[in-house]
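Novice: Here it is, the structure in full.
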Amino acid sequence: MQQLYLTLPDSLYQTIKPSEVKDPSLLLFNQKLALQLDLPQQLLGKNAAEYFSGNRLIAPELSLALGYSGHQFGYYNPQLGDGRAH
């Protein structure tokens, strides 16, 4: 698994640990698609909800928050991001 964002300047991302989710559970899981996507084996087992919620990480060093800029509601905003970047 690789993360191309790590090749960008540090100002565009921040490594971050996701907030924990209490008692996550899966409602639906498409096993056939998971196999087609060649998802890691950890995501296919009984602990899948822990990984999809972010409580467990396959590669903690690849957990990133992204920052970017753009127009929001008709106005330029220099710091949008995915809500986790500081």
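Novice: Please work out which one of (1) on the phi < 0 side of the Ramachandran plot; (2) modelled with pLDDT of 85 or more is the condition Gly54 fails and give its number.
Specialist: Only one criterion in (1) on the phi < 0 side of the Ramachandran plot; (2) modelled with pLDDT of 85 or more is unmet by Gly54, namely (1).
Novice: What number of residues within the range 72-83 are exposed (fewer than 15 other Cβ atoms within 10 Å of the Cβ), at pLDDT below 75 and touching a Leu at 6+ places or on another chain (Cβ under 8 Å)?
Specialist: Here the count works out to 1.
Novice: Considering every residue within the range 20-28, establish whether at least one is in a loop (DSSP other than H, G, I, E, B) and either within 29 Å of Leu8 (Cβ to Cβ) or touching a Lys or Arg at 6+ places or on another chain (Cβ under 6 Å) (or both).
Specialist: Yes, that holds for at least one residue.
Novice: If you don't mind, there's one more thing I want to ask. Please enumerate the residues belonging to the range 38-50 that are in contact (Cβ under 8 Å) with a residue 24 or more places away in the chain and among the hydrophobic types (A, V, I, L, M, F, W, C).
Specialist: Ala49
Novice: Out of Ser53, Ser69, Ser25, I need the residue that is among the polar types (S, T, N, Q), surrounded by 13 or more Cβ atoms within 10 Å (Cβ to Cβ) and either in contact (Cβ under 8 Å) with a residue 24 or more places away in the chain or under 27 Å from Thr7 (Cα atoms) (or both). Which one?
Specialist: Ser53
Novice: Now for a different question. Of all residues in the range 4-22, which are touching a residue at least 40 places away in the same chain (Cβ under 8 Å) and either under 17 Å from Gly54 (Cα atoms) or in contact with a Pro (Cβ under 8 Å, 6 or more places away or on another chain) (or both)?
Specialist: If the condition is that a residue be touching a residue at least 40 places away in the same chain (Cβ under 8 Å) and either under 17 Å from Gly54 (Cα atoms) or in contact with a Pro (Cβ under 8 Å, 6 or more places away or on another chain) (or both), then Gln14, Thr15, Ile16, Lys17, Pro18 are the ones that fit.
Novice: Let me ask another. Sort out which residues of the range 10-24 are touching a Ser or Thr at 6+ places or on another chain (Cβ under 9 Å) and modelled with pLDDT of 90 or more, and write them in order of number.
Specialist: Glu20, Val21, Pro24
Novice: If you don't mind, there's one more thing I want to ask. All but one of (1) in a helix (DSSP H, G or I); (2) hydroxyl-bearing (Ser, Thr, Tyr); (3) within 23 Å of Leu80 (Cα to Cα); (4) under 14 Å from the mean Cα position of the chain (by Cα) hold for Tyr51, so report the exception by its number.
Specialist: Among (1) in a helix (DSSP H, G or I); (2) hydroxyl-bearing (Ser, Thr, Tyr); (3) within 23 Å of Leu80 (Cα to Cα); (4) under 14 Å from the mean Cα position of the chain (by Cα), the lone unmet condition for Tyr51 is (3).
The values are calculated or read from the model by the stated rules, or taken from the named source; none is laboratory data. Note that the coordinates shown come from a computational prediction; the quantities given were computed from them, not determined experimentally. Don't worry about glycine lacking a Cβ; one is built from the backbone with ideal geometry, like all the others, and counts go over all protein chains shown.
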